[in-house]
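The values are calculated or read from the model by the stated rules, or taken from the named source; none is laboratory data. This is a predicted model, so every value here is computed, not measured. So basically every Cβ, Gly included, is an ideal-geometry build from the backbone, and we count neighbours across all protein chains shown. All accessible areas refer to the heavy atoms of the entire protein, side chains included, with ligands and DNA or RNA removed. Shrake-Rupley method; radii C 1.70, N 1.55, O 1.52, S 1.80 Å.
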Amino acid sequence: MVIEMSEDPFEWLEDLNDKHVIQWALEQDRKARSYVANVSSKLYPRLKKILEKPNPIMVVASHRGLYVLIREHDHYKIDLLRQNGETETVVESKQIGKDIVFKTIYSSLDGRYIAFSYSIGGSDEGFVKILDVDQGEEIESLSGRVGNIVFLDGGKFYYTRFYAKEKTPDGIEPPASRVFLRENGNESMVFGEGLPSSHFVYVVPTCNGKVLIKVSYGWTKSMVYGGDIQDPSSWRKIYGGDNYIVDPIGFAKGSFYVASYEDDGYGKIVSVDPAGRIKILVNSIPREPLQEATIFQDHVVSIYLRNASAIMRIYDLNGDLVKEIYPKDKSTISSLSSTCDCIAFKIDTFKGSKIASLSREYDIHIVKSFLLDINIDVDEKWINSFDGTPIHVFIVKKHGVKNSNKVLVYGYGGFGVPVTPRLFPEAIPFIEDGGLFVVTNIRGGSEFGEEWHRAGMRENKQNVFNDFAAVLKTFKEKGAKIAAWGRSNGGLLVGAIVTQYPQLLDVALIGYPVLDMLKFHKLFIGRAWIPEYGNPDDPKDKEFLAKYSPYHNIRHGVRYPKILVYTGLYDDRVHPAHAFKFVAKMLKVGAEIYLRVEKISGHAGATPEVKAAEAADIMAFVYKGLGIQCNEERA
């Protein structure tokens with residue numbers, strides 16, 4: 001096999017400032033939209049109806065109630081769910097402008113001040129606004145790649161700035177991040193001086209005057225600092241090593257608490273007292289990785305996974321298990337937020353989300369439900385990969401459907417990101433029209449601990465592709481027509497499947513993808529992914545990257561499946577050139593490939609209307625490729 005690595009005939013497609021590049025991309029986009037238009041027009045009303053329903057993104061607890069970031073209808077909003085049951089809308093994206101995407105919210109402990117990050121079209125480059133809720137006015141505004149707001153008294157706050165293009169104030173090359181104290185429009189850098197490139201900082205407040213700071217390098221190494229929230233000079237390293245992840249939990253009864261993923265990588269809960277003495281509060285649980293934890297009523301509330309579905313466990317500060325809660329439906333529990341006497345979180349299922357809290361007796365109370373009115377069944381299955389490793393999958397189908405020969409398989413497989421139950425709105429019409437939607441828990445994620453992640457990164461990346469291919473092969477051998485779907489790192493996954501196992505696919509959906517593995521580190525913030533993927537400038541790393549790089553493994557004379565690559569011009573995280581170049585090269589070898597380019601969508605998302613249009617087009621491509629009849633009556 002000959003791999004092109006010298007001359008790159010499509011390098012010119014990397015210049016987004018060249019009008020010829022945009023013209024080329026938009027012409028490809030016109031062809032793609034024309035190809036799917038007849039089916040997309042039928043799917044659009046159904047998907048728009050789904051995506052216009054309120055959907056919570058995250059929740060933050062405060063003394064005055066729960067702040068919830070919600071996407072609904074044609075906009076985003078932040079609602080305050082008060083303790084007396086009343087709901088108040090604090091701010092809406094429509095008040096700021098068109099095509100605004102809200103991304104994250106933060107609150108002071110008393111709930112008087114909130115901050116929210118947003119951008120135009122879902123780009124990473126954006127803005128943060130600080131609001132005084134009592135006065136109903138904006139008191140600060142920041143721009144750039146900024147966030148992680150931690151409030152102090154009187155409207156002062158810390159924030160983190162990510163440097164993607166320029167050097168940090170202390171002269172470190174990007175990518176890097178630094179922490180600033182902001183007060184009355186003035187600011188000073190208070191943490192991060194001297195931290196090398198590709199080290200990132202996240203600040204976590206507690207409800208009792210302390211603060212924890214996570215400093216990470218890539219997705220396999222971090223350490224935690226702690227100290228007085230008012231005094232950055234007191235922030236000292238409290239836990240961390242050379243080659244494992246440590247996450248902050250909180251502070252209680254005079255000690256800091258962290259989650260450490262050393263040794264077996266499943267995650268143990270550790271306390272560190274003021275003298276630096278370390279105590280293991282809860283040992284790791286094999287095959288049930290710890291996801292996150294926080295302090296509530298001087299107890300540790302922790303979330304674990306069992307076969308990629310959430311379990312909540314509450315421990316006292318002696319490490320004794322007080323309660324275990326295993327939700328009836330396959331679920332994801334995330335967005336843990338605590339004021340120490342109030343805790344909130346989000347519960348996701350394949351039918352939608354719920355905002356919940358815990359009572360003082362540690363019972364789950366559903367504050368507000370956002371479930372879709374759909375009747376589905378969720379099955380589980382284990383499929384052996386080519387090396388014998390068991391791979392867990394969820395199979396989501398319409399209630400009463402026994403089987404189907406139309407299968408849509410989703411995967412990600414990287415960065416330690418677990419693929420757990422949540423609403424996949426794009427797949428709902430497919431499920432309603434009788435298809436099987438398969439969600440894979442392949443290596444590269446953290447569904448089965450840090451070892452599972454490392455078994456799918458760097459030189460082990462081929463395991464990810466083989467795991468996914470083994471799932472596809474199982475359904476293909478049963479006579480199914482198959483579409484594979486992945487986004488971002490999942491786009492890399494499907495791109496590699498297309499170039500390595502084209503016979504297993506009828507349709508490929510490749511979204512906002514990383515595809516040129518010999519140049520990803522030179523496009524936008526790609527250098528930050530070197531710890532996960534490897535360094536193309538290192539000859540040893542280049543060797544294994546070149547073997548699977550989808551862009552470099554396109555060949556003449558291969559019968560490729562029907563391929564739709566989709567991206568957005570506002571994506572400033574994964575350069576659209578990955579998509580452009582891949583499509584151009586595939587066209588050169590005669591593949592049936594289409595490129596959809598969204599003008600106002602970034603890597604962080606888009607408005608509901610834009611998402612509905614994109615979802616309708618990509619699912620129409622699946623319908624056409626698999627020969628599915630679209631049920632218009634559901635519109």
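One residue is enough: does the stretch 532-543 have a residue meeting the conditions among the small types (Gly, Ala, Ser), out of contact with any strand residue (DSSP E or B) (no Cβ under 6 Å at 6 or more places or on another chain) and outside any loop (DSSP other than H, G, I, E, B)? Quick ask: steps written out before the conclusion?
Keep residues of the stretch 532-543 that are among the small types (Gly, Ala, Ser), which gives 534.
Adding the requirement that they be out of contact with any strand residue (DSSP E or B) (no Cβ under 6 Å at 6 or more places or on another chain) leaves 534.
If we keep only those that are outside any loop (DSSP other than H, G, I, E, B) as well, we get none.
No, because not a single residue in the stretch 532-543 is among the small types (Gly, Ala, Ser), out of contact with any strand residue (DSSP E or B) (no Cβ under 6 Å at 6 or more places or on another chain) and outside any loop (DSSP other than H, G, I, E, B).
For the stretch 235-254, name all the residues that are of a type outside the set (D, E, K, R), surrounded by fewer than 21 Cβ atoms within 10 Å (Cβ to Cβ) and part of a strand (DSSP E or B). Before you say what the answer is, go through the steps one by one.
Start the filter on the stretch 235-254 by keeping residues that are of a type outside the set (D, E, K, R), which leaves 235, 238-241, 243-246, 248-252, 254.
Applying the additional criterion that residues be surrounded by fewer than 21 Cβ atoms within 10 Å (Cβ to Cβ) yields 235, 240-241, 243-244, 254.
Gly240 - this is the single residue of the stretch 235-254 that is of a type outside the set (D, E, K, R), surrounded by fewer than 21 Cβ atoms within 10 Å (Cβ to Cβ) and part of a strand (DSSP E or B).
Out of the residues in the stretch 300-322 that are free of Cβ contacts under 8 Å to residues at least 60 places away in the same chain and either open to solvent by 20 Å² or more (accessible area, probe 1.4 Å) or not in a strand (DSSP E or B) (or both), which is nearest to Ser260 (Cα to Cα)?
In this case the residue turns out to be Gly319.
Do we have Lys547 as modelled with pLDDT of 95 or more, over 20 Å from Tyr412 (Cα atoms), open to solvent by 10 Å² or more (accessible area, probe 1.4 Å) and basic (Lys, Arg) here?
Working: modelled with pLDDT of 95 or more: yes; over 20 Å from Tyr412 (Cα atoms): no; open to solvent by 10 Å² or more (accessible area, probe 1.4 Å): yes; basic (Lys, Arg): yes.
Against the criterion (modelled with pLDDT of 95 or more, over 20 Å from Tyr412 (Cα atoms), open to solvent by 10 Å² or more (accessible area, probe 1.4 Å) and basic (Lys, Arg)), Lys547 does not qualify.
Can you find even one residue in the stretch 397-418 that is under 18 Å from the mean Cα position of the chain (by Cα), in a helix (DSSP H, G or I) and surrounded by 24 or more Cβ atoms within 10 Å (Cβ to Cβ)?
no
I'm told Leu564 meets every condition in (1) part of a helix (DSSP H, G or I); (2) in contact with a Lys or Arg (Cβ under 8 Å, 6 or more places away or on another chain) except one. Can you identify the failing condition by its number?
Of (1) part of a helix (DSSP H, G or I); (2) in contact with a Lys or Arg (Cβ under 8 Å, 6 or more places away or on another chain), only one is false for Leu564: (1).
Which strands (runs of 3 or more DSSP E) sit wholly inside the stretch 325-391 and have at least 2 residues that are in contact with a helix residue (DSSP H, G or I) (Cβ under 9 Å, 6 or more places away or on another chain) and within 24 Å of Asn441 (Cα to Cα)? Talk me through it step by step, then tell me what you get.
Working: elements: 332-338, 343-349, 352-358, 364-371, 376-384.
Fully inside the stretch 325-391 and qualifying: 376-384.
I need the full set of residues from the stretch 168-217 which are out of contact with any Asp or Glu (no Cβ under 6 Å at 6 or more places or on another chain), in a loop (DSSP other than H, G, I, E, B) and among the small types (Gly, Ala, Ser), in order please.
Gly171, Gly185, Gly192, Gly194, Ser198, Gly209
So which residues in the stretch 256-277 are among the hydrophobic types (A, V, I, L, M, F, W, C) and either closer than 20 Å to Leu321 by Cα or open to solvent by less than 40 Å² (accessible area, probe 1.4 Å) (or both)? Working first, answer last.
Within the stretch 256-277, the subset among the hydrophobic types (A, V, I, L, M, F, W, C) is 256, 258-259, 269-270, 272, 275.
Across the stretch 256-277, the qualifying residues are Phe256, Val258, Ala259, Ile269, Val270, Val272.
For the stretch 443-458, enumerate the residues that are touching a Gly at 6+ places or on another chain (Cβ under 7 Å) and in a helix (DSSP H, G or I).
First, the residues of the stretch 443-458 that are touching a Gly at 6+ places or on another chain (Cβ under 7 Å): 443-446, 449-453, 456-458.
Hits for the stretch 443-458 are Glu450, Glu451, Trp452, His453, Arg458.
What's the total number of residues in the stretch 443-497 that are at positive phi and open to solvent by less than 10 Å² (accessible area, probe 1.4 Å)?
Kept after step one, since they are at positive phi, are these residues of the stretch 443-497: 444, 449, 458, 479, 488.
Then keep just the ones that are open to solvent by less than 10 Å² (accessible area, probe 1.4 Å); that gives 444, 449.
Counting residues in the stretch 443-497 that are at positive phi and open to solvent by less than 10 Å² (accessible area, probe 1.4 Å) gives 2.
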